[in-house]
Amino acid sequence: MLFKETFKALIRDGAVTMTFRAWKAAKVVVGNSYRLGPDDAIVVKAVDEVTVGSITATQARRSGFANVDELLLMLRRSAKSRLTSRSKVFRVAFRREQQLDPRAERREDASASAIEEVEVRLERMDRLSRRGPWTNDALQLIAEHPKVTASRLAPRMQRETRAFKADIRKLKELGLTVSHEAGYSLSPRGKALLRRLRR
């Protein structure tokens, strides 16, 4: 679950403990944690569907907005259909928790042994892929277009945005990429691997 940097700061200050999302289906699970940064995460306490008209001023403030109108403006921008007072949105309550991201250490490890191990993993991913090898092209694309949104990168690989994001998450788990508010970049490990693949 992504937050803009301004909201991340408010979450860390304890001012924001709730968010509303115009999802078609819930994308988070109660009890699960979702990365906020390299050393913290949010843990979901509750997820429920509510009508737009039932959102209160207190809930809007807990979500980081001055009032309900500001919150609704954000929801209407993100919704893929018109929102009315009867429309359903998801309300997510959470708490922040100190939690080191195991991927942070992987991203920094560009040792020869780590790169060799990752290369083997990528070769297997390419071999098992129904559409053929893709990992090298994805890394090259991100290297050439850092911090460019997935919706702009996906067509360059002839991929649908959601599927492209799923692929990049696999690379992220290996410590090869870093997610930003907009787009991605290569980690030190990702850069080292790409240099090796170019040889």
Check your understanding: Could you give the radius of gyration (one decimal) and Dmax (whole number) of the Cα atoms in region 128-181, in Å?
Key -> 10.4, 31
**Study point:** Relative contact order for region 5-98, counting Cα pairs under 8 Å that sit 6 or more residues apart, in percent
**Key:** 43 percent
Review point. Quick one: length gained pulling ASN136 to LEU197 fully straight, 0.36 nm per residue minus the C-alpha distance?
Key: 21.2 nm
Review point. Label ASN32 and SER54 with points 7 Å out from Cα along Cα→Cβ: what is the distance between them in nm?
Key: 2.3 nm
Study note, to complete from the structure: Note on region 5-98: the mean projected area of its alpha-carbon convex hull, in nm², is 5.8 nm²
Study note, to complete from the structure: Hydrodynamic calc, the chain: Kirkwood Rh from Cα pairs, then Stokes-Einstein at 10 °C with viscosity 1.306 mPa s, so D in µm² s⁻¹ is 85 µm²/s
Exercise for review: Determine the sum of side-chain charges near SER179: Lys and Arg each +1, Asp and Glu each -1, restricted to other residues whose C-beta is under 12 angstrom from that of SER179.
Suggested key: +4
Point to revise | Förster-model FRET efficiency, 35 Å R0, ALA9 and GLU123, C-beta, rounded to 0.05 | key: 0.30
Review point. What translational D, rounded to a whole number of µm²/s, comes out for region 49-115 from Stokes-Einstein when the hydrodynamic radius is the Kirkwood one over Cα pairs, at 10 °C and 1.306 mPa s?
Key: 106 µm²/s
Check your understanding: Helix-derived [θ] at 222 nm for the chain: sum -39500 (n - 2.57) over DSSP H runs of at least 4, divide by residue count, nearest 500?
Key -> -13000 deg cm²/dmol
Review point. What relative contact order, as a whole-number percentage, does the chain give when Cα pairs under 8 Å and 6 or more residues apart are counted?
Key: 21 percent
Exercise for review: Mind jotting down the distance between the C-alpha centroids of region 80-121 and region 14-57, whole Å?
Suggested key: 15 Å
Exercise for review: For region 87-154, take the alpha-carbon Rg, divide it by the Kirkwood Rh, and send me Rg/Rh.
Suggested key: 1.11
Point to revise | Net charge contributed by nearby residues that have their C-beta within less than 12 Å of LEU194 (K/R +1, D/E -1) | key: +3
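Since every read-out is calculated from the coordinates, none of them should be taken as a lab result. A quick note: this is a predicted structure, and the numbers were derived from the prediction, not measured. Cβ atoms come from the backbone with ideal geometry, glycine included; neighbour counts cover every protein chain shown.
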